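Following: one structure in structure tokens, then a few remarks.
A short reminder: the numbers here are calculations on the coordinates, not readings from a lab. Worth saying up front: this structure is predicted, and the values here are computed from it rather than measured. With ideal geometry, Cβ positions are generated from the backbone for all residues, glycine too; neighbour counts draw on all protein chains shown.
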């Protein structure tokens, strides 16, 4: 039994995993409480609800690229702790404003935007920090265990969140999420494993003048450009970014007005929505348990393509839901999308972490977040406009139908030919593109695909917080 714990036997990973679990549990409460505050408490219009999601994810467009540079310059653990404490402070302002009678939709906009900024830096640092806590050959297990904790938190947290909203009222239920961030910060502060050279990487070398070559480093703009070139120059990364970005664009046309749809048109209670979210938690757990096994059977590339391709059909269950069948239809959509999303994310994030040199991890994750989460506020804004012009239900239908196409960038790429996650990263792989493979593409990847990397292998496609979650499930994580 003890051997089954795997990475959980390691103290530092256990603290990292526990921090994620505590924070994810609190997040589930806010996922229920904040939409209830907006839709029921403040009587927000569909466009205002969609604008709330837009404002919350706007920082991913504005700040993600510089965040990637700063994550490569600064101690990542400190950024994680600061991000947790900053978000806790912002969330506490909601129940305080409610007590004083000052709570408005405008405050939710401010809290959403500020939390988005903190989350940008936290999330980029978080994905870049995992390879410090575990070895590269342990990344799939590390990411999978984080997804198991996410599923456990969702299974329990969503129904409990609905109960807390009924018991404490929605503004006070948010306090639970604030406390979870504090707990996460404490646990992360106890991680002992050091980031190699990172504590002093941003300081001049001893005995060097401030303007000497030893202390000089490229400017912010140049380093952001390097991250962009790295992603666009790598055939695997750019196709993954395109598919994930499209998925987030179209799914958030739906998610932008999802709360309006379930509370006003379907007449569900917060407890029923919590139950649906709990069903999605079982999907997360199932996906985490299957992610590695399916990849071993189909190959990593085919698993990535197939899981993304199946998410679209699962999303069609949402507009098909009626008041009488809301729970089974939405629960089914949530379960399938969560399961497939975890399978997709575990494999594609592990691939990215494995093929990227450590010095570029911050910029890689910052660039990927800019590309794939930058589409979220755009989708939310489109969803609000569609719901206002054509009605909430029609807007959801449009987003769901468009979601059927998101796997196409993966089909027309070398991703389906990739059999397994690389065992190593070559720091000297041709980052300047001289070998014809594209900037930053690891030599290890080319060896593993057996020469198929340059072919279009569309036929293979017939066969997708913490932990790299980039394709939101039916009830999206606001963090």
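A straight line joining the Cα centroids of region 293-341 and region 24-73 runs 23 Å. Over region 302-350, the fraction of Cα-Cα pairs per 10 Å bin, rounded to whole percents and listed from the shortest bin up, is 29, 45, 21, 6, 0.
Compute and list, largest first, the equivalent-ellipsoid semi-axes of region 1-69 from the alpha carbon gyration tensor, each √(5λ) rounded to a whole angstrom.
35, 20, 7
Volume per residue for region 233-290 equals 93 cubic angstrom (convex hull of Cα atoms). Viscosity 1.002 mPa s, temperature 20 °C: give me the Stokes-Einstein translational D for region 212-318 in µm²/s, with Rh taken as the Kirkwood radius over C-alpha pairs. For the chosen part, D equals 121 µm²/s. Cα gyration tensor of region 1-157, axes a ≥ b ≥ c as square roots of the eigenvalues: rounded (a/c below 1.5), prolate (a/b > b/c) or oblate? Because a/c hits 1.5 or more and a/b exceeds b/c, region 1-157 counts as prolate. Entry note, region 52-157: relative contact order of 41 percent, from Cα contacts under 8 Å with a spacing of 6+ residues. Note the full-extension length gain between residue 42 and residue 110 as 0.36 nm times their separation in residues minus their Cα-Cα distance, in nm to one decimal. Stretched out fully, the residue 42 to residue 110 stretch lengthens by 23.0 nm.
The eigenvalues of the Cα gyration tensor, multiplied by 5 and square-rooted, give region 302-418 an equivalent ellipsoid with semi-axes of 30, 18, 13 Å from largest to smallest. Note on region 41-123: Rg/Rh from C-alpha atoms, Kirkwood Rh, equals 1.05.
Annotation: the residues 254, 349, sorted from fewest to most other C-beta atoms within 10 Å of their own C-beta, follow the order 349, 254.
Computed FRET efficiency, Cβ-Cβ of residue 193 and residue 388, R0 45 Å: what is it to the nearest 0.05? That gives a FRET efficiency of 0.35.
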